[in-house]
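Bear in mind that the values in this text are calculations on the coordinates, not laboratory data. Just so it is clear, the structure is predicted and the values come from calculations on it, not from any experiment. Glycine also receives a Cβ, built like all others from the backbone with ideal geometry; neighbour counts cover every protein chain displayed.
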Amino acid sequence: MPLDELLSRIQEKQARLAVVGLGYVGLPVACQFANCGFNVLGVEAQSERVEKINAGHSPIEGNEPGLDQLVAVVVSQGRLTATSDYAGLASCEVILICVETPVDDLHIPRYDALRRALMDLAPVLAAGALVIIESTVAPGTMEQLVLPLLQSDGKQVNRDFYLGNCPERVMPGKLLANLKGVSRVVGGMTPETAGVMAALYRHIVAADLDLSDCITAELVKTVENAYRDVQIAFANEVALICSRAGGNVWKVRELVNKSPGRQMHFPGAGVGGHCIPKDPWLLVHSVRGEDLPIQVIPAARATNNFMPQHVVNLLVEALHSADRDVRHARILVMGYTYLEDSDDTRNSPSEVLVGVLRSMGTEVVIHDPYVPGYQGALLDKARGCEAAVVMVKHAEYCNLDLNSLQEALTAPVLVDGRAVFSPERAAAAGLLYRCVGVDHRSG
Ligand code: SAJ
């Protein structure tokens, strides 16, 4: 099908869409296209997800406003159907690929899911179809991996099919809102393809659609998250400096940000989640092997990864000040998710902290209001513990009565990884208090 014919069918919402991968990226986008009038086929490897979606329910964990209702509506209207079978893609004219693209322990991208999706799609890809990669990939992946796999049986891009890259910018807890309200880079293998892609996304995106090419789209996505990681690492490094230089990084940050053009991020107990710890490595991978001094981005990852250990160090020193040995103590860890008021535990700094403490012989009790198995009355869990360590700034913790906590803890020590409390509030409650980025010796 010529591109202009596909454009018309997209504009009239006649084009049959497919979304491969119905996770926190694919499911919302499949629902939004279905909700605006397209017929959408969702292809998902996990059969239990397929069943749940076809029953009209969202399999996405956590609080995603409007998503469960939207799944019910579009499934009941017959506009969204989920399957594990790739054969149905043969009748689709636009195929969005939204599969995971993790990195391994050596920071090498693991494209198994992407490779499998492309190898299953290539043989059934309809003539004139448009393939759009929404997954975050290392710059250069479209040219070096995606294109060869789709052309593997002799098909030729821009003749037999069209190809583009439109990275997702979803954020957990705001999936549907962000999908509509956040701008997107629309990278086409040709400017004409980018134009057709923009016509498609215009149906569901109210924000800017910035037309570009694939390498730019790949770079923007990985750079925007590497930028955030470096900014957080800078704040964490300043916190480490303040903790020994007699300062309070939280006050320093507030005053630094009054200087025009400064926007110092928040230091803390570490950097978790599914995007920020991974995307900097995808960016760096694109120039692996080049003789370039790529230092800032890897160093930022190392600084952010150190922060859970820094919190352990604060705890060891505080317990020592209270004549306690952390190896024979019971410690309450407050917060196990990677982000406040979320239930998402992926790459959580708390997981690292708990592992370090347990390797030292410390008994660890975990509380998190959002994680099944760690819920319950905080003070009940605190009772009998020597110390409490705050790793996540859940709203529930902000209102905690520190006098009650002091009565429950036996040392009593409070280590604050997110400046939820203050030295003054803690001292008033009789707690021995340590906070990331605050030099407790400076009074
Ligand atoms: N964090 C800090 N200090 C900060 C900000 C975050 O320590 O100043 C920590 C958080 O505690 C968390 C981790 O970093 O452990 C990541 O937090 P995040 O706010 O970046 O949340 P994410 O991981 O959900 O990031 C997503 C990203 N969105 C996409 O990739 C589409 C990111 O680009 C967004 O900037 C971010 O959401 C957002 O702003 O909500």
Inverse mean reciprocal Cα-Cα distance (Kirkwood Rh) of the stretch 183-316, Å = 17.3 Å
Going by a ≥ b ≥ c, the root eigenvalues of the Cα gyration tensor, does the stretch 8-118 fall in the rounded group (a/c under 1.5), the prolate group (a/b larger than b/c) or the oblate group?
-> oblate
Of the DSSP beta bridges with both residues in the stretch 66-196, give the percent that are antiparallel, rounding to the nearest 5.
-> 25 percent
For the stretch 247-333: rounded, prolate or oblate by the Cα gyration tensor [a/c cutoff 1.5] | oblate
Rounded to the nearest 5, the percent of antiparallel DSSP beta bridges in the chain equals 10 percent
The alpha-carbon center of the stretch 374-443 and that of the stretch 1-43 are separated, in whole Å, by 50 Å
³J(HN,Hα) computed for each position of the stretch 243-250 - Karplus, 6.51 cos²θ - 1.76 cosθ + 1.60, integer Hz, glycine/proline x = 5, 10, 9, x, x, 10, 4, 5
Semi-axes (Å, rounded, descending) of the ellipsoid equivalent to the chain per its C-alpha gyration tensor are 46, 24, 18
What angle, in degrees between 0 and 90 and rounded to the nearest 10, separates the Cα long axis of helix 26-35 from the longest principal axis of the Cα atoms of the chain?
-> 50 degrees
Run the dipole for the stretch 306-404 about the Cα centre, Lys and Arg Cβ at +1, Asp and Glu Cβ at -1, nothing else charged, and hand back the magnitude in debye, nearest 20.
-> 260 debye
Using the Kirkwood formula on alpha carbons, the hydrodynamic radius of the stretch 270-426 in angstrom works out to 16.6 Å
Given H placed on each backbone N at 1.01 Å, which residues far from Val103 in sequence or on other chains put an amide H within less than 5 Å of it?
-> Arg110
Going by alpha carbons, how many degrees (0 to 90, nearest 10) lie between the helix axis of 112-121 and the longest principal axis of the chain?
-> 10 degrees
Per-residue ellipticity at 222 nm attributable to helices in the chain (runs of n ≥ 4 DSSP H, -39500 (n - 2.57) apiece, nearest 500 deg cm²/dmol) works out to -11500 deg cm²/dmol
Please determine, in degrees from 0 to 90 and to the nearest 10, the orientation of helix 67-76 with respect to the longest principal axis defined by the Cα atoms of the chain, where the helix direction is its Cα long axis.
-> 30 degrees
Counting other Cβ atoms within 10 Å of each Cβ, which trypsin sites (Lys or Arg not before Pro) in the stretch 47-124 have at most 14 and sit in a DSSP loop?
-> Arg110
In the stretch 147-189, which residues have a backbone nitrogen under 13 Å from the label point lying 7 Å from Leu3's Cα in the Cα-to-Cβ direction?
-> 157-165, 187-189
Would you kindly state how much longer the chain becomes between Val256 and Val157 on full extension, computed as 0.36 nm times their sequence separation minus their alpha carbon distance, in nm to one decimal?
-> 30.6 nm
In the stretch 103-158, what is the volume of the convex hull around the alpha carbon atoms, normalised per residue and reported in Å³?
-> 85 Å³
With a bin width of 10 angstrom, please list the P(r) values of the stretch 44-90 as percents of all Cα-Cα pairs, from the 0 bin to the one holding the largest distance.
-> 28, 51, 20, 1
For the chain, averaging the sequence separation of alpha carbon pairs under 8 Å that lie six or more residues apart and dividing by its residue count, the contact order in percent is 12 percent
Alpha carbon centre of the stretch 138-155 versus the stretch 214-259: separation in Å?
-> 36 Å
Find the eigenvalues of the gyration tensor of the Cα atoms of the stretch 401-443, then list the square roots of 5 times those eigenvalues as equivalent ellipsoid semi-axes, largest first, in whole angstrom.
-> 17, 10, 9
By how many nm would the segment from Ala302 to Glu143 lengthen if fully extended, with 0.36 nm per residue of separation less the alpha-carbon distance?
-> 54.2 nm
In the structure shown, of Lys180/Lys221; Lys155/Lys221; Lys251/Lys393, the pairs separated by more than 23 angstrom at the C-alpha atoms are Lys155/Lys221
Taking amide H positions as placed in the peptide plane 1.01 Å from N, state which residues far from Asp210 in sequence (5 or more) or on other chains have amide H under 5 Å from it.
-> Arg184, Val185, Val186
What are the semi-axes of the equivalent ellipsoid of the stretch 88-242, taken as the square roots of 5 times the eigenvalues of the Cα gyration tensor, listed largest first and rounded to whole Å?
-> 30, 19, 13
